[in-house]
Amino acid sequence: MAEDRAALDIIHLVADHHQVVYRYAYRLTGSTADAEDLTQQVFLQAQEKLGQLRQAESARSWLLTIARNQFLRECDKRKPLLAGDLHSEAQRVSVDTADAIDGEALQAALNELPPHYRLVVTMFYFDECPYREIAERLDIPIGTVMSRLARAKEHLRARLSEPDAATGAPADAASQRG
């Protein structure tokens, strides 16, 4: 009987939260295949640990936490990426934030960010977490959250303000012109 209830609960979790988890996974990973894999891993882990979910109202947050942690584990397995000169590159460009942003160009710019920067941006804008909550969830100082978010936003502004960003064309041609 308990197995039937657990199966029913995971079915409801998937039905109610699949789109949100997939969108979050896509913003973190930047590819359809990786987002599908991450989403599947999230729901597999959720099924295994369903007993940890105490309140149905917390399901979305709980699933996104699983996604974030799984994404970070995968990033730790890969060779670490350096933030490099995100700050200096972003300072040379100003942005008119009123311009519409092409979704593909946004995802391409997000993909260029190191995973820890991408995670903070995704949590802030797509999961709508305040700084303090991001700091608590990632177990990092709030100043680190603010710094990562500021540098990531600078990079995104620089990347999305390039003339070819609206078309999704590579930035290399634009940077060679100027």
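The values are calculated or read from the model by the stated rules, or taken from the named source; none is laboratory data. If you're wondering where the values come from, they're calculated on a predicted model, not measured in any experiment. With ideal geometry, Cβ positions are generated from the backbone for all residues, glycine too; neighbour counts draw on all protein chains shown. With ligands, DNA and RNA removed, areas are computed over all heavy atoms of the protein, side chains included. Shrake-Rupley method; radii C 1.70, N 1.55, O 1.52, S 1.80 Å.
Among the candidates E128, E162, E133, the residue that is at pLDDT below 90, open to solvent by less than 40 Å² (accessible area, probe 1.4 Å) and of a type in the set (D, E, K, R) is uniquely E162.
Here G143, G103, G51 are screened, and the one residue that is under 23 Å from L13 (Cα atoms) and either open to solvent by 20 Å² or more (accessible area, probe 1.4 Å) or modelled with pLDDT of 85 or more (or both) is G51.
If you filter region 106-123 down to residues that are among the aliphatic types (A, V, I, L, M) and in a helix (DSSP H, G or I), you find that the one that is modelled with the lowest pLDDT is L106. When region 54-69 is limited to residues that are among the basic types (K, R) and part of a helix (DSSP H, G or I), the one that is least open to solvent (accessible area, probe 1.4 Å) turns out to be R68.
Pairs meeting the criteria (first residue in region 124-137 and free of Cβ contacts under 8 Å to residues at least 24 places away in the same chain, second residue buried (at least 16 other Cβ atoms within 10 Å of the Cβ) and β-branched (V, I, T), beta carbons under 8 Å, at least 6 apart or on different chains) are Y131/V145; I134/V120; I134/V145; A135/V145.
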